[in-house]
Amino acid sequence: MSDSRPLHIVASSSLWADAWRRYCQHKLAVASLALLMLMTLACVAGVIGVTLRTHFGFGWPYGYEEQNVELGAQMSSAAHWLGTDLLGRDLLTRLLVGGFVSLTVGMLATGMVVLIGVTYGMVAGYMGGRVDRFLMRVVDILNALPFTIFIILLMVVLDNPLKSLLLKLNLANSQPFIKLCLLFLAIGAFEWLNMARVVRARTIELKSLAFVEAARALGRRPRQILWHHLLPNLAGIIVIYATLSIPAVILLESFISFLGLGVQPPLTSWGDLINQGASNMELYPWLLIYPSLFFSLTLFALNFVGDGLRDALDPRTDKGP
Amino acid sequence: MHPVLRRALVRLFEIIPVLWVVVTLTFLMVRWAPGGPFDTERALTPEAKKHNDAYYGLDKPLFVQYEKYLSNFLHGDLGTLYRHPDWSVNELLAQKAPVSAELGLWATLVALVIGLGTGVIAASRPRSKRDYGTMAVAMIAICLPSFVLGPILLLVFGLKLQMVNVMGWNTVGDRVLPSLVLGLYYAAYIARLTRGSMLEVRAQDFIRTARAKGNGSVRILLVHMLRNALGPIIAYLAPTVAGLVTGSFVVESIFQIPGIGRMFVEAALNHEDQLLLGVTVLFSAILLFCNWLGDVLITALNPKAAIE
């Protein structure tokens, strides 16, 4: 350019671009994100492959519930990369399908956490006064309850009625899926408390700022203010806490499935696979080791992505190691 | 009255309505769901079912049942099992609770000693290799939940090296692995909390004053900086101890320990509703009590919080 102006005029960068730049400085977080994307893609590909196989006869070489009892439990080989379980089912296929189930439960329950937590927190924070006190008291009470027990209780209690309902509707085959829905509903119903608290605190901070005052002076209705003015400013913190709640939910789901109370066969999840591995670990240790590895690595990656996002989007918070 | 004491009493009375909500909620959850405890038993004839329902009062309206349960509860009676009428929930709990409590206390000890120790070590030289190393180990421990760590340790030390028994709760050796597996996860959290709270005050004036007065760095670390970590640790520990002492479902299942946690899982698998109800109420009561105790301790440490 022939222009002689100094070249220090840079393109303005948005909050998200800034955050991305900060995130990329955190090497472990970037590696975790890559690992997580790889894992998700593999699980999705596995599920698509298995579905194609059951419906059209091509795609993945194994089904997740196809048994080969004569083969039995085998170590890894060229045909079965991670070996097979006692019923001769391909472990890698089961890990991918189980991972898909675990990740899906994690996402769906987190979606519920966001929906309930954000609405609840914003309403409490924006309304203030008596409404706020009442709503937060409810959160305190719920928080004081042993919610793992309540989730298990909810699943046990709803099990029988659900079974009879499905029999009536001639849908007995879809029972594992319904049970799965029940699991994520039960988890989501208790996990939103933290999100509500954080969102409420930030809403209270934001609502006293000038731009909200201006919007109110211009005659905008509370719902519009919440939706158009507060929500975009809450986005960062919502993303952080949603990301951090995914590993918590996956942990809870695996925990419940490990106890045999969650995902039901023939469907599987990582917790269920670890459980099966643990009961056969003496003779077939790989049945325990591979699922544990998949699960722990994913949990590790999710936690680091959450930490990285927190550092990137909310520079005010105390940086962890 | 002393404000700390007053706050403690107020908080104690606040537990009562919460506990009432818990009892009511769990009762309704268990009883409202269609399908009574005898509906799934195929062997029962209609007459026998009717007899059973009448015996346990299940034919009465829900409110009458609720009233009876509540009044029994207030008299400390949690009822009997439906399938085994000669077993009372109280007896079962009295039998299993000591085991779970012992395991929980050992695990708490593990969590506290290892957590505080590594937290202080990491905070003693912030942003050094030592700091990052210990915190990385803590992160790994957080990502290895008990149902991963338990079977793997059992595989290595129980089955391969044969250093400990694979199951049971008889010798001292039987206590080691379960306590470690249960406690390590919380130890990792406590280590992170300790380090974070200690580093928060590192640059503050009172630390500089303490140093200027000639206090050794170990004394500063353990007396002045660690004190700041106590509040967050107690706040974290209060609900944790409740969970640990009342039994971990997973650890008791893995190591075949006859505690409340395993009993709860079995009750859930067998639809022993009366037992589920009893355990839920007991857990909630213990958790509420521990939260109260934690709150009192934190106010005692920092009386400013009592005068809101």
Legend entry - Count - residues of the stretch A:159-185 that are at the interface with chain B (Cβ under 7 Å from one of its Cβ atoms) and crowded, with 18+ Cβ neighbours inside 10 Å: 0
Inset, instruction - Name the residue, out of A:Val97, A:Val69, that is more than 30 Å from B:Leu28 (Cα to Cα), of a type outside the set (Lys, Arg) and outside any helix (DSSP H, G or I). - result: A:Val69
Inset, instruction - State whether one or more residues within the stretch B:153-165 are among the aliphatic types (A, V, I, L, M), in contact (Cβ under 8 Å) with a residue 40 or more places away in the chain and either within 9 Å of chain A (Cβ to nearest Cβ) or in a helix (DSSP H, G or I) (or both). - result: yes
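Out of curiosity, is A:Ala248 buried (at least 22 other Cβ atoms within 10 Å of the Cβ) and farther than 29 Å from A:Gln74 by Cβ?
No; evaluated as a whole, the condition is false for this residue.
Here's a check for you: in the stretch A:269-319, which residue that is among the charged types (D, E, K, R) and not in a helix (DSSP H, G or I) is farthest from A:Thr243 (Cα to Cα)?
A:Glu282
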Legend entry - Test: residue in the stretch A:215-225 that is in contact with a Phe, Trp or Tyr (Cβ under 7 Å, 6 or more places away or on another chain) and at pLDDT 85 or above: yes
Legend entry - Selection count where residues are surrounded by 15 or more Cβ atoms within 10 Å (Cβ to Cβ) and either modelled with pLDDT under 85 or of a type outside the set (Gly, Ala, Ser) (or both), scope the stretch A:12-50: 15
Inset, instruction - May I ask you to verify whether A:Arg94 is among the charged types (D, E, K, R), modelled with pLDDT of 85 or more and crowded, with 17+ Cβ neighbours inside 10 Å? - result: yes
Inset, instruction - Collect the residues in the stretch A:138-158 that are touching a residue at least 60 places away in the same chain (Cβ under 8 Å) and either surrounded by fewer than 21 Cβ atoms within 10 Å (Cβ to Cβ) or facing another protein chain (nearest Cβ under 7 Å) (or both), keeping them in residue-number order. - result: A:Thr148, A:Ile152, A:Met155, A:Val156
Inset, instruction - Tell me which residues, restricted to the stretch B:166-183, are assigned to a helix (DSSP H, G or I), surrounded by fewer than 24 Cβ atoms within 10 Å (Cβ to Cβ) and within 14 Å of chain A (Cβ to nearest Cβ). - result: B:Leu177
Inset, instruction - Would you check if there is a residue in the stretch A:68-84 being out of contact with any strand residue (DSSP E or B) (no Cβ under 9 Å at 6 or more places or on another chain), more than 19 Å from A:Asn280 (Cβ to Cβ) and among the charged types (D, E, K, R)? - result: no
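Table: residues versus (1) more than 10 Å from chain B (Cβ to nearest Cβ); (2) touching a helix residue (DSSP H, G or I) at 6+ places or on another chain (Cβ under 7 Å).
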| site | (1), (2) |
| --- | --- |
| A:Ser257 | no, yes |
| A:Leu261 | no, yes |
| A:Gln264 | yes, yes |
| A:Leu267 | yes, yes |
| A:Trp270 | no, yes |
| A:Ile274 | no, yes |
| A:Ser279 | no, no |
| A:Glu282 | no, yes |
| A:Trp286 | yes, no |
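Tally up the residues in the stretch A:65-74 that are exposed (fewer than 12 other Cβ atoms within 10 Å of the Cβ) and out of contact with any Leu (no Cβ under 7 Å at 6 or more places or on another chain), please.
Residues of the stretch A:65-74 that are exposed (fewer than 12 other Cβ atoms within 10 Å of the Cβ), as a first pass: A:69-70.
Restricting the remaining residues to those that are out of contact with any Leu (no Cβ under 7 Å at 6 or more places or on another chain) gives A:70.
Within the stretch A:65-74, residues that are exposed (fewer than 12 other Cβ atoms within 10 Å of the Cβ) and out of contact with any Leu (no Cβ under 7 Å at 6 or more places or on another chain) number 1.
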Legend entry - Candidates A:Leu313, A:Leu251, A:Leu309, A:Leu299, filtered to the one that is of a type outside the set (Ser, Thr, Tyr), touching a residue at least 24 places away in the same chain (Cβ under 8 Å) and in contact with a Gly (Cβ under 8 Å, 6 or more places away or on another chain): A:Leu313
Inset, instruction - Could you please let me know if B:Tyr236 is out of contact with any Phe, Trp or Tyr (no Cβ under 8 Å at 6 or more places or on another chain), under 25 Å from B:Trp292 (Cα atoms) and of a type in the set (Phe, Trp, Tyr)? - result: no
Legend entry - Subset of the stretch A:51-64 that is surrounded by 14 or more Cβ atoms within 10 Å (Cβ to Cβ) and among the small types (Gly, Ala, Ser) - its residue that is nearest to A:Leu273 (Cα to Cα): A:Gly63
Inset, instruction - Of the numbered conditions (1) hydrophobic (A, V, I, L, M, F, W, C); (2) in contact with a Gly (Cβ under 7 Å, 6 or more places away or on another chain); (3) within 14 Å of another protein chain (Cβ to nearest Cβ), B:Ala123 fails exactly one; give the number of that condition. - result: (2)
Inset, instruction - Give the stretch B:230-240 a look and list any residue that's crowded, with 20+ Cβ neighbours inside 10 Å and either farther than 14 Å from B:Val113 by Cα or in contact with a Lys or Arg (Cβ under 7 Å, 6 or more places away or on another chain) (or both), or say none. - result: B:Ala238, B:Thr240
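The values are calculated or read from the model by the stated rules, or taken from the named source; none is laboratory data. Note that the structure is a prediction, hence the values are computed from the model and not measured. Cβ sites come from the backbone with ideal geometry, for glycine too, and all protein chains shown count toward neighbours.
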